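Here's the structure we're looking at; comments come further down.
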Amino acid sequence: MASSSTASSSAQLGLGLGLGLGAMGGLGLLLPADREHDPELEPCSPPKGVLRLRGAVQHYEWGSRGDASLVARLAGKTEEGRPCAELWMGTHPAAPSSLASDDGGAVSLREWLARNPAALLGRAVTARWDGDLPFLFKVLSVAKPLSIQAHPDRELARALHALRPTTYRDANHKPEMAVAVTEFRALCGFVSVQELKDVLRTVPEVQMLVGKQDVVKLMTAKEHDGGIGVRSYLQSAFTKLMATSKEAVAAAISKLKSRLNGEIKIRTFTEKEQLVLSLEQQYPGDVGVLSAFFFNYVKLSPGEALYIGANEPHAYLSGECVECMATSDNVIRAGLTPKYKDVQTLCSMLTYKQMFPEILQGVLVQPYVIRYTPPFDEFEVDCYSLPQGESVTMLPVPGPSIFLVMTGEGEIQADGMPDEGVAKEGDVLFVPACTEVKLHASGSGCLQLYRAGVNSRFFC
C-alpha cells in the first residue's frame, strides 16, 4: 500500500509537447535534431491498413437510457431498455473492441495487434508498452453520479492486483482525462484550506463526525502551509469521516436535511448544499453524501477538459464526455455506490493535495483541430470539427490512433482503407502508426471526430 508521499510523487509527471504543422495543413511531429535518425523514429514501413472497429458497450446502472444516451446513439442501441453508460474502444480484456466485419467474426483488436505490433503500433510504442495499445478510449453518458473513487499508481496497482485479482483486474495505473461533450459535472480533488474551514464552521454534521481534535487542527492551519502538516490533518479528518459507522452517517445526514429544511425559508442554498441534497436523494444514508463537502465541485462546458492523476479522489456526476486513460480498469471506491468499498485503501493512498484542478481548453494545432494534452505519456485527444465542404490531413505519426465519428458525415482517405471510406456517426476506426489520414466533411453539416493517440511528447 503506497503512502501519501509516495502516491504524490508517483502522480507527478512532467508536461511536454513537440508539435509542428506539416504541409497541406497536416499535423506532424518535430523531432530533436540529435534523434532525427533514431531507428525507433524512422519513417515506418508501409501501413497495414485502417480498420473499422466495433466498440463494447457497458451497461452500468448510472448510465443514460435510450435516445438520452450518447453511448446508445453511437452504438445503435437506443431501443434497448438497459442503461448505456460507456462505450469502450481499445484492448482491455474486460471489454475489448473487435474488428467490424460483415461475416460476424469476433477477432479482437488485441489479437490483431499481436500479429504485427511493431508495424501497427510503431516500434517505440511496442517497446514501451509490451506490444499493447497504451490507451483506452471511451464515451460516457452519466445520468446518475458515479462512486467517490480514485485510481492507483503503478506500484499500488501491482500490489492490489496480486492481493485481490478478482477486484483489481490488472496491474496498471489509470490516469485519465475527460473532454466534455455536454455540460459535465464532477467532484475532483480536495477543496482549499479556507474552503474546508468554511465547511467545518457551517456544517456541524460534518464537524461532529470528524471530531473536535481534527477540527481544531484544521481550523488553525494556515492557507499558505501546504506541507505535510496540513495534509496529515486532512487525511486524519477525511479518514474518520469515511470510516464512520452507517448508523452515525445516517443520523448525521438526517440532521443535515432537517437543518436545511428549516433554513430554506431564510436563505438560498449554496451550490454545494444543493448538490449534497441531490446526492442524498440518489444515495440515501451514504457517507459519500457528506464527503462531497470535502471536494471541489467542477462544471465543464462543452469543449473543456479535466485530467486526473493517480491517487486523486473524484466522482463524475452528470453529463456526457469523451474519456481517455491508460489501459486499466482499476477503481478503488469508498462512497456513492452499492459496489465493494475499499475505504482503508482509498484513504491511505490519496495525495491530499488541496487545489482546484486544471481545466484544459485545448490548443489549436491546425485548422479545425484542437488538441488536449495531459501530463501522461499514454494518451492525448484531438477534436476535429470540419465545416461542410472542408478537409484536413493528419500526417503520419509514429504511434497508433483511434478515431470516433461523433456527428455528421464525411469521407476518410487512408492507405489500406477496407471500403469506400464513408464516415458517419458512430464509426470507430483504428489507424496504424505512420498512416496519413485525410478527412473531408461531405455531409450537410459539420463533421466532428475525436482522435485518441499516444501523447506526442513521448516521441520527442
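The values are calculated or read from the model by the stated rules, or taken from the named source; none is laboratory data. In this text, all values refer to a predicted model and were calculated from it rather than measured experimentally. Positions of Cβ are backbone-derived with ideal geometry, glycine not excepted, and every protein chain shown enters the neighbour counts. Side chains are part of the model used for accessible areas, which takes the heavy atoms of the whole protein and leaves out ligands, DNA and RNA. Shrake-Rupley method; radii C 1.70, N 1.55, O 1.52, S 1.80 Å.
I need every pair where a residue in the stretch 181-205 that is over 23 Å from N311 (Cβ atoms) and modelled with pLDDT of 95 or more has its Cβ under 9 Å from the Cβ of a residue that is among the hydrophobic types (A, V, I, L, M, F, W, C) and open to solvent by 40 Å² or more (accessible area, probe 1.4 Å), sequence separation at least 6 or different chains.
K197/M219; L200/M219; R201/M219; E205/A251
Regarding T182, is this residue polar (S, T, N, Q) and more than 30 Å from N296 (Cα to Cα)?
No; evaluated as a whole, the condition is false for this residue.
In the stretch 354-365, which residue that is more than 18 Å from the chain's Cα centre (by Cα) and within 21 Å of M242 (Cβ to Cβ) is surrounded by the fewest Cβ atoms within 10 Å (Cβ to Cβ)?
Only one residue tops the list, namely M355.
Which of the residues belonging to the stretch 366-384 are open to solvent by 10 Å² or more (accessible area, probe 1.4 Å) and over 20 Å from the mean Cα position of the chain (by Cα)?
Result: P367, Y368.
Those residues that are among the aliphatic types (A, V, I, L, M), within 18 Å of E205 (Cα to Cα) and open to solvent by 60 Å² or more (accessible area, probe 1.4 Å), I need them from the stretch 227-272; list them, please.
A243, I264
With respect to R169, is the statement that it is touching a residue at least 24 places away in the same chain (Cβ under 8 Å), assigned to a loop (DSSP other than H, G, I, E, B), basic (K, R) and open to solvent by 10 Å² or more (accessible area, probe 1.4 Å) true?
yes
In the list P375, P357, which residue meets the criterion of being of a type outside the set (A, V, I, L, M, F, W, C), closer than 22 Å to K138 by Cα, assigned to a loop (DSSP other than H, G, I, E, B) and in contact with a strand residue (DSSP E or B) (Cβ under 6 Å, 6 or more places away or on another chain)?
Checking each option against the conditions leaves just P357.
Looking only at the stretch 154-181, which residues are more than 30 Å from A68 (Cβ to Cβ) and either of a type in the set (F, W, Y) or out of contact with any helix residue (DSSP H, G or I) (no Cβ under 9 Å at 6 or more places or on another chain) (or both)?
Residues satisfying the conditions are A157, R158, A159, H161, A162, L163, R164, P165, T166, Y168.
Only one of T351, T435 is in a loop (DSSP other than H, G, I, E, B), β-branched (V, I, T), closer than 25 Å to L306 by Cβ and open to solvent by less than 10 Å² (accessible area, probe 1.4 Å). Can you tell me which?
T351
Residue check, R52 against (1) closer than 20 Å to D382 by Cβ; (2) open to solvent by less than 20 Å² (accessible area, probe 1.4 Å), all met but one. Which one?
(2)
Which residues, taken from the stretch 133-153, are touching a helix residue (DSSP H, G or I) at 6+ places or on another chain (Cβ under 7 Å) and open to solvent by 30 Å² or more (accessible area, probe 1.4 Å)?
K144
For residues that are touching a residue at least 60 places away in the same chain (Cβ under 8 Å) and among the charged types (D, E, K, R), scanning just the stretch 112-129, find the one that is nearest to D377 (Cα to Cα).
The extreme case among them is R128.
Can you go through V107, V179, V142, V125 and tell me which one is under 24 Å from P398 (Cβ atoms), in contact with a strand residue (DSSP E or B) (Cβ under 6 Å, 6 or more places away or on another chain) and β-branched (V, I, T)?
Step by step, each of V107, V179, V142, V125 is checked, and only V179 is under 24 Å from P398 (Cβ atoms), in contact with a strand residue (DSSP E or B) (Cβ under 6 Å, 6 or more places away or on another chain) and β-branched (V, I, T).
Can you name every residue in the stretch 319-331 that is at negative phi, open to solvent by 10 Å² or more (accessible area, probe 1.4 Å) and outside any loop (DSSP other than H, G, I, E, B)? If you could, list the steps in order and put the result at the bottom.
So in the stretch 319-331, the residues at negative phi come out as 320-331.
Checking which are open to solvent by 10 Å² or more (accessible area, probe 1.4 Å) leaves us with 320, 327, 329, 331.
Residue satisfying the conditions is E320 alone.
Looking at (1) open to solvent by 50 Å² or more (accessible area, probe 1.4 Å); (2) touching a residue at least 60 places away in the same chain (Cβ under 8 Å); (3) among the β-branched types (V, I, T), which is the one condition that is false for T337?
Among (1) open to solvent by 50 Å² or more (accessible area, probe 1.4 Å); (2) touching a residue at least 60 places away in the same chain (Cβ under 8 Å); (3) among the β-branched types (V, I, T), T337 violates only (1).
Condition (residue is outside any helix (DSSP H, G or I), under 18 Å from the mean Cα position of the chain (by Cα) and within 15 Å of V331 (Cβ to Cβ)) applied to the stretch 116-133: is it met by at least one residue?
Checked against the condition, which is being outside any helix (DSSP H, G or I), under 18 Å from the mean Cα position of the chain (by Cα) and within 15 Å of V331 (Cβ to Cβ), the stretch 116-133 yields no hits at all.
Over 20 Å from the mean Cα position of the chain (by Cα) and either of a type in the set (K, R) or part of a loop (DSSP other than H, G, I, E, B) (or both): is that true of A423 in this structure?
Spelling it out, it is not the case that A423 is over 20 Å from the mean Cα position of the chain (by Cα) and either of a type in the set (K, R) or part of a loop (DSSP other than H, G, I, E, B) (or both).
Whether any residue in the stretch 399-418 is open to solvent by less than 50 Å² (accessible area, probe 1.4 Å), outside any loop (DSSP other than H, G, I, E, B), over 18 Å from R54 (Cα atoms) and not β-branched (V, I, T) is what I want to check.
yes
Take K265 and tell me if it is basic (K, R) and at pLDDT 95 or above.
So K265 does not fit the description; no.
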